[in-house]
Amino acid sequence: MQPFGCILSFVVMKRDIFQAIADPTRRAIIALIAIQAMTPNAIAENFQTTRQAVSKHLRILTECELVTQESRGREIYYTLEIKKMKEIDEWLEQYRKIWESRFDQLDHVLAVLKQEKRKA
């Protein structure tokens with residue numbers, strides 16, 4: 001019998017897209033398949049790691065919906081999911097605006113300092 005209020009619930013957590021792109025190997029895989037669809041073996045040829053390790057990275061990218069699989073005959077090809085990449089870009093845009101504003105402020109401060117130095 002469970003104590004009052006102690007009900008466990010299990011939630012299946014979806015992988016975080018930013019966690020997926022944090023790994024340099026996965027970013028390199030994204031860069032490869034952005035150019036053209038590739039099979040896991042073709043992708044693995046570009047890395048000094050096992051085919052199984054590349055498959056794990058591809059599974060994570062697929063779970064995050066950053067890549068999609070397409071069967072062509074007996075081969076599976078992975079392609080980049082552009083819509084998901086746009087989601088990342090849209091999220092980053094808010095920070096891009098902040099950075100640009102701060103760079104503009106820095107440019108202004110540097111210009112003022114330069115003028116003051118000339119006067120001195």
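Each value in this text was obtained by applying a stated rule to the coordinates, not by laboratory testing. Since this is a predicted model, take the numbers as computed values, not measurements. Glycine gets a Cβ as well: all are built from the backbone with ideal geometry, and neighbour counts include every protein chain shown.
Key figures for this structure:
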read-out	value
Top of 92, 61, 32 by mean-square fluctuation, Gaussian network on the chain, Cα under 10 Å	92
The stretch 12-80 - convex hull of alpha carbons, volume per residue in Å³	88 Å³
Fully extended contour minus Cα-Cα distance, from residue 63 to residue 112, at 0.36 nm per residue	12.6 nm
Rounded D (µm²/s) - the chain, Kirkwood Rh over Cα pairs, Stokes-Einstein at 10 °C, 1.306 mPa s	87 µm²/s
Among 76, 60, 21, residue whose mean-square fluctuation peaks in a GNM of the chain (springs only between Cα atoms under 10 Å)	76
Most positive-pole-ward Cα, 69, 34, 52, against dipole of the stretch 12-80 from beta carbon charges	52
Eligible lysines near residue 56 by straight Cα distance, threshold 18 Å, same-chain separation 8 or greater	14
Whole-number D in µm² s⁻¹ for the stretch 75-117, Kirkwood Cα-pair radius fed into Stokes-Einstein, 4 °C, 1.567 mPa s	96 µm²/s
Expected 222 nm ellipticity per residue - DSSP helices of 4 or more, -39500 (n - 2.57), all of the chain, to 500	-20000 deg cm²/dmol
Check: the chain dipole with +1 on Lys, Arg Cβ and -1 on Asp, Glu Cβ, in debye	340 debye
Value of relative contact order over the stretch 29-108, rounded to a whole percent, pairs C-alpha under 8 Å and six or more apart	28 percent
DSSP H segments from the chain that extend 15 Å or more along their own axis, Cα-based, with Kyte-Doolittle mean of 0.5 or above	24-35
Length gained when the stretch residue 95-residue 119 is fully extended (0.36 nm per residue, less Cα-Cα span)	5.0 nm
Residue of 109, 54, 67 that the Gaussian network model of the chain assigns the largest fluctuation, springs spanning Cα pairs under 10 Å	109
Residues whose placed amide H lies under 5 Å from that of residue 67, excluding near-sequence neighbours	62, 81
Other-chain or far-sequence residues with amide H under 5 Å of residue 39's (modelled H)	78
